[in-house]
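So the structure is just underneath, and the comments pick up after that.
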Amino acid sequence: MNEFKLLGKKATRYGFGEALVELGEKYPNVVVLGADVTGSVLTSFFKEKFPDRFFSIGIAEQNATTIAVGMALSGKIPFFATYSVFSAFRNADQLRISVCYNNANVKIGGGHSGITVGPDGATHQSLEELSLLRTLPNMKLVVPCDYLETKKATLAVAEFYGPAFVRFGRAPVPYFTTEETPFKIGKAEIFRQGKDIAIIACGIMVWQSLLAADELWKRRGISAMVINSHTLKPIDVETIVEAARTCGAVVTAEEHQVHGGLGGAVAEVLAKNYPVPIEFVGVPDRFGESGEPEELLEKFGLTWKEIYSSALKAIDRRDNKPQSNHVYRNVEDIAPISQDLI
Amino acid sequence: MFEFEKVTFENKPRESWEFKPIAKELRKDVIKSLALAGSGHSGGSLGTADLFAVLFFGGIMRYDPQNPKWEQRDRFVLSAGHICPILYATLARAGFFPVEELKTLRKLGSRLQGHPALDVGLPGIETAAGSLGQGISIAVGMALSDKYLDKNDRRVFALTGDGELQEGSTWEAAMAAGNYKLDNLCWIVDNNDCQIDGRVRDVMSIYPIEKKFEAFNFEVLTIDGHNYSEIYDSFKKFIQNHEQKIGRPTVIIAKTKMGYPISFMFDKYEWHGIPPTEEQALIALKELE
């Protein structure tokens with residue numbers, strides 16, 4: 001059974017915006033840089049509270065990133081946030097050299113991430129940045145699972161010296177973690193114990209994984225472990241390897257391209273330490289498109305159903321069962337579940 | 001093959017004629033270290049030696065080689081990271097690290113990386129640089145922090161190339177510096193009109209430079225980058241601008257010649273990214289004497 005209950009829906013960006021205000025109160029050297037979309041990524045909360053420590057840089061993400069470095073090299077803790085497509089890609093060279101090579105104490109917020117930014121379409125749907133950011137030395141990369149965890153993650157990245165990126169989104173999404181839910185950068189948390197299949201997820205796919213685990217148990221008697229691997233870098237090798245040892249098969253799930261993100265990180269860990277069959281749930285190497293977040297999640301295969309069918313497939317591969325007899329998607333035993341859970 | 005003199009120079013107000021022997025020593029260091037390295041950027045390193053001589057040894061910049069992280073120090077950001085041989089020579093002659101270390105330029109394990117690095121812990125280096133355009137934005141961030149957060153009287157000096165101005169982000173930096181009235185920022189443009197592929201004006205013209213900076217609310221000073229009194233006066237003017245809080249950043253457009261004054265390198269863009277051979281180095285050193 002899931003110990004987590006759906007508490008409601010809230011956009012993860014609120015966690016980021018609220019945390020910055022708390023940090024502003026706690027640390028006089030926390031500063032925030034904006035690139036015009038402050039009301040979208042909710043750096044506006046900080047701007048209102050601490051106007052003297054907010055710097056508007058305009059629509060100039062390369063400049064904002066490097067100005068943040070200059071401030072960090074002056075003893076400040078700068079947070080720069082805009083949409084992930086701009087705070088990870090437009091400024092990629094600046095992240096690589098000025099932020100990461102300098103090991104500067106710069107914190108980047110990636111808002112409006114993933115397919116759930118919705119109607120803005122493919123240009124604004126960042127589905128590739130985890131792959132890029134994961135290869136940068138010195139970078140720490142966090143993809144929190146809900147509103148409250150985004151808040152905890154944002155507070156946490158201020159507590160260590162060095163570059164960090166926190167990913168969050170625009171659309172209201174399920175929130176279910178509480179103040180008591182453990183959170184530590186670099187430590188994946190087992191959100192549900194299980195022994196037949198390990199589902200390793202990040203971001204909004206953690207809730208979908210919990211739903212899939214419920215359905216696997218109810219419909220098939222399969223006991224699924226669910227791991228919230230919120231930190232992609234450094235990845236929690238120990239927890240992932242232990243899960244693979246326990247279950248012998250793994251599914252990864254992320255709101256990102258299937259290549260190079262969490263799935264890639266887990267595959268690297270397991271290929272080296274404990275190879276088991278892995279199935280990858282994510283966007284299948286294509287760009288997004290306009291639509292409502294729920295429609296897009298359905299269309300791009302980012303729901304509990306794909307996790308469910310991928311789990312069956314991974315188990316079959318582990319057990320050397322023929323897979324051709326299975327149709328893994330939209331099988332009849334995947335009845336629709338209540339829409340408000342998605 | 002080449003030995004480095006042990007001499008260091010004091011940072012103090014000087015007469016114009018006093019800079020010549022200092023610049024000569026810096027140029028000798030550049031030539032020797034590049035010849036020993038077997039790769040690296042000669043043209044800009046030699047062409048800017050007079051600017052470095054005045055900035056670091058004329059009592060313009062406030063720094064303490066014994067305490068490189070001194071919190072009241074002025075900061076120098078080399079945005080054109082590829083001409084680091086002149087920065088390394090300058091820092092060594094200022095006493096930040098042993099002059100002997102200039103022999104290790106670009107060698108495995110050296111603190112004198114091919115482009116400046118922070119993670120090797122070379123005293124006096126304020127940031128990594130190498131991807132053009134980034135250093136100047138870092139300098140803007142430092143100046144913002146000094147002026148608006150710490151509210152101190154520190155100054156930030158930054159040097160870019162002229163070809164570097166083709167990078168769009170340099171103009172983002174200029175926009176922000178003007179917008180935030182960073183009178184504590186002194187931007188030096190090494191205007192030798194040379195880049196790897198040829199004349200800057202042929203590869204992609206950045207002219208008129210002065211009008212562009214004026215439009216971004218800069219105080220623009222155009223000088224002969226090999227004339228010590230013009231260099232000295234322009235830095236003094238910037239310091240005055242800062243003290244009077246004019247609310248505008250200062251840019252010094254230093255007209256320089258690549259490879260100056262070595263005859264076979266003089267104003268030749270081909271010398272942007274290559275070192276002298278041993279033979280060429282010996283000729284160059286002789287010309288300097």
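One way to sum up the overall shape of region A:189-320 is the equivalent ellipsoid from its Cα gyration tensor, whose semi-axes run 21, 17, 13 Å, largest first. Dipole size of region B:19-288 about its Cα centre, with +1 on Lys/Arg Cβ and -1 on Asp/Glu Cβ: approximately 400 debye, rounded to the nearest 20.
Under 23 Å of direct C-alpha separation, and excluding same-chain neighbours fewer than eight residues apart, B:K255 reaches these lysines: B:K20, B:K24, B:K28, B:K211, B:K212, B:K236, B:K237, B:K268. Phi-derived couplings, Karplus 6.51 cos²θ - 1.76 cosθ + 1.60 at θ = phi - 60°, listed residue by residue for region B:99-113: 4, 3, 5, 4, 5, 8, 3, 6, 8, 4, x, 6, 7, 9, 5 Hz, with x used for Gly and Pro. Each of B:G81, B:G259, A:A314 was scored by the projection of its Cα onto the charge dipole of the protein assembly as shown, and the greatest displacement toward the positive side belongs to A:A314; charges sit on the C-beta of Lys, Arg, Asp and Glu. A protection proxy built from the mean count of other Cβ atoms within 10 Å ranks the segments B:117-124, B:139-146, A:40-47, A:130-137, most packed first, as B:139-146, A:40-47, A:130-137, B:117-124.
Applying the Kirkwood pairwise sum to the alpha-carbon positions of chain B produces a hydrodynamic radius of 18.7 angstrom. Database remark: amide H of A:V281 closer than 5 angstrom to the amide H of A:T252, A:A253, A:E254 (H placed geometrically; neighbours at sequence offset of 5 or more, or on other chains; Pro and chain starts carry no H). Per residue of peptide A:28-37, the mean number of Cβ atoms on other chains within 10 Å of the residue Cβ is 1. Just so you know, the Rg over Rh for the protein assembly as shown is 1.07, from Cα atoms, with Rh as the Kirkwood radius.
Comparing A:A122, A:A253, A:A19 in a Gaussian network model of chain A (Cα springs below 10 Å), the most mobile by mean-square fluctuation is A:A122.
The string of couplings for region B:149-165 from the Karplus curve (6.51, -1.76, 1.60, θ = phi - 60°) is 9, 8, 6, 9, 10, 6, 10, 10, 10, 9, 10, 10, x, 8, x, 4, 5 Hz, one whole number per residue in order, with x for Gly and Pro. Between the Cα long axis of helix A:304-318 and the first principal axis of chain A there is an angle of about 60°, rounded to the nearest 10. Of the residues A:N29, A:A72, A:F89, the one whose Cα sits farthest towards the positive end of the charge dipole of region A:1-101 is A:F89 (charges of +1 on Lys and Arg Cβ, -1 on Asp and Glu Cβ, taken about the Cα centre). Evaluated at q = 0.20 Å⁻¹, the base-10 log of the normalised Debye intensity for region B:153-282, with identical point scatterers placed on the Cα atoms, takes the values -1.13.
The mean count of C-beta atoms from other chains within 10 Å of the C-beta of residues in A:56-65, rounded to a whole number, is 6. For region A:138-176, chymotrypsin sites (Phe, Trp or Tyr not before Pro) meeting the loop criterion (DSSP other than H, G, I, E, B) and having at most 15 other Cβ atoms within 10 Å: A:F160, A:Y161. Pairs of C-alpha atoms in region A:8-175 farther apart than 22 Å represent 33 percent of all such pairs. Summing Cβ point charges (Lys, Arg +1; Asp, Glu -1) relative to the Cα centre of the protein assembly as shown gives a dipole of roughly 740 debye. Considering only A:T123, B:I223, B:L282, and ranking their Cα positions along the charge dipole of the protein assembly as shown that arises from unit charges at the beta-carbon of Lys, Arg, Asp and Glu, the one farthest toward the positive end is B:L282. Taking a straight line from the alpha carbon of A:K26, these aspartates and glutamates sit under 12 Å away, with near neighbours fewer than eight places off in the same chain left out: A:E159.
Rounded to the nearest 20, the Cβ-based charge dipole of region A:204-305 about its Cα centre (Lys and Arg +1, Asp and Glu -1) stands at 420 debye. Taking the Cβ of B:D193 as the centre, find all other residues whose Cβ is under 12 Å away and add up their charges (Lys, Arg: +1; Asp, Glu: -1). That sum, taken over residues with Cβ under 12 Å, equals +1.
Judged by the mean number of other Cβ atoms found within 10 Å, the most tightly packed of the peptides B:214-222, B:185-193 leads the ranking B:185-193, B:214-222.
For B:W271, B:W70, B:W17, A:W207, which order do you get if you count the other beta carbons within 10 Å of each Cβ and list the fewest first?
Listed from fewest to most nearby Cβ atoms, that is B:W17, B:W70, B:W271, A:W207.
For A:T135, neighbours were defined as the other residues whose beta-carbon sits under 10 Å from its Cβ, and their charges (Lys and Arg +1, Asp and Glu -1) total +3.
Per-residue mean of foreign Cβ neighbours for B:122-132 is 3 (Cβ atoms of other chains, 10 Å radius).
The aspartates and glutamates whose alpha-carbon is closer than 17 Å to the alpha-carbon of B:K181, local same-chain residues fewer than 8 away aside, are A:D52, B:D146, B:D150, B:D153, B:E172, B:E214, B:E219, B:E243. Amide hydrogen proximity for A:K9: with H placed 1.01 Å from N in the peptide plane, the residues at 5 or more positions away or on another chain lying under 5 Å are A:Y175. Over 22 Å between Cα atoms, which of A:K47/A:K140; A:K107/A:K151; B:K107/B:K257; A:K195/A:K313; B:K32/B:K257 qualify? Flagged as over cut-off: A:K47/A:K140; B:K107/B:K257. A helix-only calculation puts the protein assembly as shown at -10000 deg cm²/dmol for mean residue ellipticity at 222 nm, using -39500 (n - 2.57) for each DSSP H run of at least four residues, averaged over all residues.
Packing, as the average of other Cβ atoms within 10 Å across residues, places the peptides B:7-14, A:102-109 in the order A:102-109, B:7-14, highest first. Reported to the nearest whole Å, the Cα centre-to-centre distance from region B:8-53 to region A:93-127 is 41.
A short reminder: the numbers here are calculations on the coordinates, not readings from a lab. This one's a predicted model, so the numbers in the text were calculated from it and none came from an experiment. Note: ideal-geometry Cβ built from the backbone for every residue, glycine included; neighbour counts use all protein chains shown.
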